[in-house]
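Working notes for the structure below.
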Amino acid sequence: METPASVHHIIPSSRPKAMNRRDPVTLFGVVEGNQVDPVAPGVIRFEVTESDLTLTAFCTFPDYGYHIMGAHHGDFHPDGVHIYVGSAEGHTFVINKDTMTVVAEIETGAGNGHTHFVPERNIAIAINHDDTFVTVIDTQTHSFLKDIGVTIPAEPGRKAQGHTTGVSPDQRFFYGTASDAGFFFEIDLDELE
C-alpha cells in the first residue's frame, strides 16, 4: 500500500475479542507530511486483511505552511471517535475517525507531538517538544484551557520536553520530563500548576 508521505505512527482501533482473526481490521496512521513535494500532514485510515492493505481515506490538516508543519503521534480520545494529532508548527488537530475530517484545531506549542488524556478530569495534556510549556486541553469541547510552563528553552537541535508522560494513580498529578534541562516535572491537576 502506498501512502501520501512517510507514516510515523500507527494508531490501532479497538477490535472486539470475538472477531475472527481473518476479519478486516481498520487502522489509522499519522502522515508526517513532506516539506519538499509538498504533501500536507494528516491521518490515513486503512484496512488490513489476511492478504492485503487498502488505503480507505486520507484527512489532511489545514495549511499553516507545509514547510514548517509535520505530524508526529496520534492518540484516541476516550470517546473512541476522535483522534488528537500534534503538528510541529504548534497545533493539535482533532479528527473524527468516521468522517475523516478535522473537527477542531487547538493552538499549542512548537513541536507538539504527544497527547496524554486524563479522562477522569476531561482534560488532555499536549507535550510540546520544542517549547517551554505543556498545553492543557478541554476534551469535552476540544478547546484550549491553559499553557503551563515546565522548562527552559533547549539548546539548538535538542528537545525541551520528552516523549513519555504519566499520571499518578489517584489522577492528582501529571509527570513529564524536561529532556534538555535534565529533570522531571510534576503538575498538580487540581490547580493546573
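The values are calculated or read from the model by the stated rules, or taken from the named source; none is laboratory data. These numbers come from a predicted model, not from an experiment. Using ideal geometry, Cβ is built from the backbone for each residue, glycine included, and neighbour counts are taken over all protein chains shown. Note: areas computed on protein heavy atoms with side chains; ligands, DNA, RNA excluded. Shrake-Rupley method; radii C 1.70, N 1.55, O 1.52, S 1.80 Å.
Regarding residue 163, is this residue over 14 Å from residue 114 (Cα atoms) and touching a residue at least 40 places away in the same chain (Cβ under 8 Å)?
Numbers: over 14 Å from residue 114 (Cα atoms): no; touching a residue at least 40 places away in the same chain (Cβ under 8 Å): yes.
It is false that residue 163 is over 14 Å from residue 114 (Cα atoms) and touching a residue at least 40 places away in the same chain (Cβ under 8 Å).
Among the candidates 109, 113, 80, which residue alone is out of contact with any His (no Cβ under 7 Å at 6 or more places or on another chain) and at pLDDT below 95? If you could, list the steps in order and put the result at the bottom.
Details: 109 fails: at pLDDT below 95; 113 fails: out of contact with any His (no Cβ under 7 Å at 6 or more places or on another chain).
So the residue among 109, 113, 80 that is out of contact with any His (no Cβ under 7 Å at 6 or more places or on another chain) and at pLDDT below 95 is 80.
Identify all residues within region 78-103 that are touching a residue at least 12 places away in the same chain (Cβ under 8 Å), over 22 Å from residue 34 (Cβ atoms) and open to solvent by 20 Å² or more (accessible area, probe 1.4 Å); write none if there are none.
78, 80, 81, 82, 96, 97, 98, 103
So which residues in region 84-100 are of a type in the set (Phe, Trp, Tyr) and under 17 Å from residue 63 (Cβ atoms)?
Our first condition is that a residue be of a type in the set (Phe, Trp, Tyr); within region 84-100, this holds for 84, 93.
Scanning region 84-100 gives a single hit, 93.
Are any residues in region 16-37 loosely packed, with under 12 Cβ neighbours inside 10 Å and either at pLDDT 90 or above or basic (Lys, Arg) (or both), and if so, which ones?
Those that are loosely packed, with under 12 Cβ neighbours inside 10 Å and either at pLDDT 90 or above or basic (Lys, Arg) (or both): 17, 21, 22.
So, residue 147, is that one open to solvent by 70 Å² or more (accessible area, probe 1.4 Å) and at pLDDT 95 or above or not? Spell out the reasoning first.
Numbers: open to solvent by 70 Å² or more (accessible area, probe 1.4 Å): no; at pLDDT 95 or above: yes.
Spelling it out, it is not the case that residue 147 is open to solvent by 70 Å² or more (accessible area, probe 1.4 Å) and at pLDDT 95 or above.
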